[in-house]
Amino acid sequence: MNLNIIICGVGGQGNLLASVAIANYAMKKGFNVVGTETIGAAQRGGSVVSHLRISDGPIYASTVPDGTADILLGFEPVEALRHIKKLNPEGIYIINVEKVPTVLCNMGLDQYPDLEQIMAALQDVSSHGYAINAAEKARELGGAIMTNVVLLGALSSVSDFFDRDEFIEVLKKIISPKVLEKNLKAFEEGRALIAS
Amino acid sequence: MKQYIMGNEAMAKGALEAGVKVVTGYPGTPATEIVDYCLPGEQVYVEWSANEKVALEMAMGASLCNMRSMAVMKHNGTNFATDFIMHLNFTGVRGGMVLVSADDPGANSSQNEEDTRILIHTYGHLPLFDPATPAEAKDMIKEAFALSEKTGSCYVLRPVMRICHSRAIIEDGAKEDLVQTPDFQSDRSRFVMSAVSEPKAGGLMRPMWRHRLLNEKQAEFTRYAEESRFNSVEEGEGRTGLVGCGIGYTCIKEAEALLNRKFPVLKLGTLPLPRKKVISFLRDLDVAIVFEEVEPVVERMLKQICYEEGLAVKILGREDYLPAEGELTPETVIEALRKQGLVEGGKTAVSAPQISAPVRTRTQCVGCPHRGLLSALKQVARKKKAVVTGDIGCYDAGSFPPIELQSTIFCMGSSIPMASGIAKTGIDRPVMAIIGDSTFFHNGLLGLVNAVNNRSNITVILCDNSTTAMTGFQPHPGSGTNIYNEQTTAISPEKIGEALGIKTRVVNPYLMEETKAAVTEALEEEGVSLVISRAPCFLLSSRRGEKEIFPRRPVKMDPEKCNGCKVCLNDLGCPALHYVAGEKKVYVDFNNCVSCGLCADICRRGALSV
Ligand SMILES: Cc1ncc(C[n+]2csc(CCOP(=O)(O)OP(=O)(O)O)c2C)c(N)n1
Ligand code: SF4
Ligand code: SF4
Ligand code: SF4
């Protein structure tokens with residue numbers, strides 16, 4: 001069993017927690033896990049990408065080779081586009097559709113592509129994908145900060161590798177008890193977004 | 001216990017298990033967290049030093065007392081500490097001492113790309129470990145402490161970014177049971193590095209004698225390399241061998257797995273090289289391809305060995321076969337094998353999407369104190385035609401669009417002397433240097449002292465946010481606190497200004513008019529002027545839930561009044577503002593706006609107002 005995952009977004013979206021949660025889940029199931037992040041200046045809206053590799057055999061490189069990501073979890077549409085070459089043609093992508101415009105797009109000096117174009121580009125690589133508004137759902141539930149957990153919920157329902165109850169056990173260990181309840185709700189809502 | 005942790009944490013664990021007593025460092029990606037994770041180790045003293053040279057000198061002091069010590073830095077810091085390295089290599093150490101010098105191939109978070117193996121080993125003749133994985137980095141640190149004591153030399157660990165920032169399942173090891181009691185013994189013929197004649201060496205000049213001892217040590221380092229479990233040979237098919245140094249080995253293994261092939265592989269983790277092992281590997285080959293980050297260091301050594309041993313093996317690598325810059329990937333290995341005709345078929349074309357992703361340039365956070373300052377400086381600099389030099393830190397994004405204020409960024413502290421040099425040409429424009437507070441205490445202060453002593457005519461802008469924000473909020477000598485959160489004397493830049501006898505002003509960067517006026521006056525003055533822009537880092541103070549650092553001034557947007565002049569974007573560039581091309585108007589993203597009110601101060605048409 002080999003599972004390669006790419007999680008991409010911009011600084012401050014909490015994609016690190018998402019990758020740590022998935023890694024801990026895989027460890028709990030007895031798999032080997034290796035990962036890496038390219039952080040840049042994370043606080044100030046730069047691109048952030050985490051690679052995760054899960055296997056029952058040995059894993060060498062911590063980066064996911066091009067064309068081998070079984071799951072691409074895009075916290076932001078343009079960031080998903082940026083890492084499209086990682087996606088396996090048989091792979092699945094889940095995109096949070098809320099845009100985080102770049103500085104130059106904000107200024108009208110660069111064009112932020114249409115969401116349809118981005119989704120079409122992803123479709124060209126793989127036909128298995130979902131576009132969900134995880135950020136909006138998170139705000140409804142009490143804060144954009146939970147976008148990552150909504151996306152984890154979504155992720156947990158697109159692959160047989162993930163078992164809902166066991167994943168929740170992992171979340172209980174890494175999320176502070178003060179905000180756990182809200183986050184577990186966010187997780188369920190993420191699952192529901194995929195189901196609908 | 002087994003945990004999924006970062007390479008930097010694994011290295012800290014290695015050092016703690018080795019019983020390190022003193023850990024010093026100056027923050028810098030990708031090395032920073034190694035120091036953080038040494039806290040709150042039992043019976044370990046940890047500090048953020050003012051700069052990397054200080055950190056290394058601190059570690060040496062501890063080693064002289066027979067205690068295990070470690071200094072941690074990124075490659076630029078190793079450059080900065082090189083003068084000291086070129087002495088400690090001659091003297092050797094007492095207590096085990098390890099220098100961690102982290103390189104950033106690909107320069108994801110650095111001003112330059114380089115390979116400190118050259119400084120440390122080729123130039124400084126120190127022995128070095130180059131890890132292939134986080135787990136190996138942890139083992140190597142432990143081994144480095146042991147060998148440091150055995151050989152009486154400082155050992156160096158050179159992790160690259162993909163080691164520091166990789167995560168893997170790491171197992172805790174046993175803590176070494178060492179009794180270390182500080183004890184200082186003077187040994188002047190070793191530790192007084194001076195041009196004196198040395199009786200122990202028949203009157204030879206001491207530096208030359210110590211140089212000779214260092215040269216003689218190399219045989220001992222090589223012997224340990226020869227026995228090291230970090231160097232090994234793997235058999236495989238064919239007469240083309242792959243040599244993997246550090247992360248290069250990992251890329252080779254991944255490529256083999258992807259291709260389902262097995263080549264002869266030489267895994268290398270040490271410098272000096274295990275010469276005998278290398279020769280026996282090369283002997284049966286026609287071609288050897290060397291994968292290393294980032295300069296052709298081992299490649300050239302192998303070429304030399306082939307020459308000396310009369311081996312007719314073609315050595316290929318980053319000198320003229322592989323890409324000469326940047327990170328290695330498994331794809332680099334596959335591509336190299338394809339060029340050799342050892343992998344069939346063309347490159348599998350990953351179809352590029354029709355549309356490209358817009359680049360993300362870095363900027364300051366919404367609400368950052370540097371934004372008001374940079375905007376004020378841009379307005380004044382434009383009016384006065386000032387030449388502006390820059391330094392490194394969150395404020396350096398003022399050199400990118402839309403602000404494009406600073407015209408230079410080199411290395412920590414360069415802004416002030418470069419500004420002086422520009423001014424001394426007699427150029428008919430005012431000259432301004434912009435520097436952060438951590439950078440100022442790192443190596444900026446001397447540039448200021450020099451400017452005063454040599455009567456430069458410059459204005460120095462000190463961005464005082466009381467932390468080292470760019471690397472994750474470490475305290476520095478001006479913060480009034482240290483890594484233990486203890487209260488310390490916050491060294492006051494205005495008192496430094498007073499001591500230097502220069503006109504010093506303190507401004508609040510959220511008050512742009514006041515800031516502009518102060519900077520204008522400073523630029524008009526003769527001699528050195530200092531303007532301190534003081535407000536805490538907004539991100540840090542909000543995370544800590546501290547008292548508000550500016551009064552909230554909610555803005556209102558009246559699209560009717562907006563004529564699309566974009567002054568708010570070009571001169572302020574808050575990421576919560578955006579231009580809607582269809583309407584030729586600017587709007588506020590109220591999900592992100594933090595009501596600093598600065599955009600209302602910039603907009604002259606009342607489209608943005610408070
Ligand atoms: C010699 C060297 N050491 C470390 C670094 C990493 N580094 C980049 S900027 C910076 C300090 C930034 O702090 P400060 O000047 O206070 O500016 P701020 O980010 O807080 O605005 C550091 C440590 C470096 N680039 N060069
Ligand atoms: S981290 Fe602090 S200093 Fe850096 S950009 Fe954000 S608010 Fe400004
Ligand atoms: S908001 Fe004001 S400054 Fe910005 S574009 Fe409109 S009129 Fe110009
Ligand atoms: S008030 Fe204006 S400048 Fe300040 S955060 Fe809001 S949009 Fe940005």
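Please work out how much accessible surface B:Met557 shows to a 1.4 Å probe, ignoring ligands, DNA and RNA, in Å² rounded to 10.
40 Å²
When DSSP beta bridges are limited to those with both residues in the protein assembly as shown, what percentage is antiparallel, rounded to the nearest 5?
DSSP beta bridges in the protein assembly as shown are roughly 40 percent antiparallel.
Could you please state how large a percent of the accessible area of the protein assembly as shown is carbon and sulfur, counting protein chains only and using a 1.4 Å probe?
That share works out to 52 percent.
For B:Glu292, A:Glu116, B:Glu583, write out the residues from largest to smallest accessible area, computed with a 1.4 angstrom probe and no ligands counted.
A:Glu116, B:Glu583, B:Glu292
Dipole of the protein assembly as shown (Lys/Arg Cβ +1, Asp/Glu Cβ -1, origin at the Cα centre): which of B:Val380, B:Thr439, A:Thr102 lies farthest to the positive side?
B:Val380
For chain B, find the longest principal axis of its Cα atoms and tell me its angle to the long axis of helix B:247-259, 0 to 90°, nearest 10.
80 degrees
Taking only protein heavy atoms into account and a 1.4 Å probe, give the accessible area per residue of the protein assembly as shown in Å².
40 Å²
Can you compute the charge dipole magnitude of the stretch B:459-610 about its Cα centre, using +1 on each Lys and Arg Cβ and -1 on each Asp and Glu Cβ, nothing else charged? Give it in debye, rounded to the nearest 20.
540 debye
Summing -39500 (n - 2.57) over the DSSP H runs of n ≥ 4 in chain B and dividing by its residue number, what mean residue ellipticity at 222 nm do you reach, to the nearest 500 deg cm²/dmol?
The per-residue figure over chain B is -10000 deg cm²/dmol.
Using packing as a proxy for protection, rank B:430-439, B:569-578 so that the peptide with the highest average count of other Cβ atoms within 10 Å comes first.
Per-residue Cβ counts within 10 Å, averaged per peptide and sorted highest first, yield B:430-439, B:569-578.
Loop-only check: which GluC sites (Glu not before Pro) in the stretch B:1-91 are DSSP coil with at most 13 other Cβ within 10 angstrom?
Sparse-neighbourhood loop GluC sites (Glu not before Pro): B:Glu42.
When only C-alpha pairs under 8 Å and at least 6 residues apart count, what is the relative contact order of chain B, in percent?
Rounded, it is 10 percent for chain B.
Any idea what angle helix B:330-339 forms with the longest principal axis of chain B, computed on alpha-carbon atoms, 0 to 90 degrees, nearest 10?
With rounding to tens, the tilt is 60 degrees.
Calculate the spin-label point distance for B:Glu525 paired with B:Asp320, positioning each point 7 Å from the Cα along the beta-carbon direction, and give it in nanometres.
Reported label-point gap for B:Asp320 and B:Glu525 is 5.8 nm.
Within 10 Å, count the other beta carbons around each residue, average over each peptide in A:74-80, A:63-69, and list them highest first.
Highest-to-lowest ranking by the protection proxy: A:74-80, A:63-69.
Against the longest principal axis of chain B, how steep is helix B:415-424, in degrees 0 to 90 to the nearest 10, with axes from Cα atoms?
70 degrees
Just to verify a number: what accessible area does B:Lys303 come out at with the full protein assembly present, 1.4 Å probe, Å² rounded to tens?
70 Å²
Towards the positive end of the charge dipole of the stretch B:556-609, with charges on Cβ (+1 Lys, Arg; -1 Asp, Glu), say which of B:Asn563, B:Val594, B:Ala581 has the farthest Cα.
Of the candidates, B:Asn563 comes out farthest on the positive side.
For the stretch B:232-339, just the Cα set please: Rg and Dmax, both in angstrom.
12.4, 36
Sorting B:Arg338, B:Arg544, B:Arg162, B:Arg261 by accessible area (1.4 Å probe), largest first, what list results?
Reading off the accessible areas and sorting them downward yields B:Arg544, B:Arg261, B:Arg338, B:Arg162.
Using the Cα atoms of the stretch B:369-543 to build a convex hull, what is its mean projected area in square nanometres?
Seen from a random direction, the Cα hull of the stretch B:369-543 projects 9.4 nm² on average.
Within 10 Å of each Cβ in peptide B:578-585, how many partner chain Cβ atoms are there on average? Round it to a whole number, please.
Partner Cβ neighbours, averaged per residue: 2.
Determine the total buried accessible area between chain B and chain A, counting protein heavy atoms only with a 1.4 Å probe; round to the nearest 100 Å².
4200 Å²
Given the convex hull over the Cα atoms of the stretch A:2-195, what projected area results after averaging over all orientations, in nm²?
10.6 nm²
To the nearest whole percent, what portion of all C-alpha pairs in the protein assembly as shown is separated by more than 34 angstrom?
Roughly 56 percent, rounded to a whole number.
How large, in Å, is the stretch B:1-93 by the Kirkwood hydrodynamic radius built from its alpha-carbon pairs?
That comes to 13.4 Å for the stretch B:1-93.
Quick one: divide the alpha-carbon radius of gyration of the stretch B:520-609 by 2.2 N^0.38 Å and tell me what you get.
For the stretch B:520-609, the normalised Cα radius of gyration is 1.34.
Taking θ = phi - 60°, what integer Hz values does the Karplus form 6.51 cos²θ - 1.76 cosθ + 1.60 yield along the stretch A:152-157, in sequence order, with x for Gly and Pro?
My calculation for the stretch A:152-157 gives 5, x, 4, 4, 5, 9 Hz in order.
Could you tell me which of A:Ser127, A:Leu152, A:Ala138 has its Cα farthest along the dipole of the stretch A:103-165 towards the positive end, charges placed at Cβ (Lys, Arg +1; Asp, Glu -1), taken about the Cα centre?
So the residue furthest toward the plus end is A:Ala138.
What number, in nm² with one decimal, is the all-direction average of the projected area of the convex hull of the alpha-carbon atoms of the stretch B:43-120?
With every direction weighted equally, the projected area is 5.5 nm².
Under a 5 Å amide H to amide H cut-off, with H placed in plane at 1.01 Å, what residues pair with B:Ala102 once short-range neighbours are removed?
Sorted by chain and number, the residues that satisfy this are B:Met73, B:Lys74, B:His75.
Below 8 Å between Cα atoms, with a sequence gap of 6+, how large is the relative contact order for chain A in percent?
Result for chain A is 19 percent.
To the nearest 10 square angstrom, how much accessible area does B:Leu446 have with a 1.4 angstrom probe?
Accessible area, nearest 10 Å²: 120 Å².
Over all Cα pairs of chain B, how is the pair count split among 10 Å bins, expressed in % and running from 0 up to the last occupied bin?
Here the calculated profile for chain B is 3, 15, 21, 22, 19, 13, 6, 1, 0.
Taking R0 as 56 Å, what FRET efficiency do you get between B:Lys339 and B:Arg543 from their Cβ-Cβ distance, rounded to the nearest 0.05?
The calculated FRET efficiency here is 0.65.
What Rg and what Dmax come out for the stretch B:556-609 when only alpha-carbon atoms are used, in angstroms?
That works out to 9.8, 27 Å for Rg and Dmax.
Normalised by the residues of the stretch B:556-609, what does the relative contact order come to in percent, with Cα pairs under 8 Å and at least six apart?
It rounds to 46 percent for the stretch B:556-609.
Modelling each spin label as a point 7 Å along the Cα-to-Cβ direction, I'd like the B:Asp589/B:Tyr123 distance in nm, to one decimal.
In this crude spin-label approximation the distance works out to 4.3 nm.
Provide Rg and Dmax in Å for the stretch B:195-249, with only Cα atoms included in the calculation.
19.5, 58
The values are calculated or read from the model by the stated rules, or taken from the named source; none is laboratory data. On a predicted model such as this, the values are computed, not experimentally measured, just so you know. Cβ sites come from the backbone with ideal geometry, for glycine too, and all protein chains shown count toward neighbours. Only protein heavy atoms, including side chains, enter the accessible area calculation; ligands, DNA and RNA are left aside. Shrake-Rupley method; radii C 1.70, N 1.55, O 1.52, S 1.80 Å.
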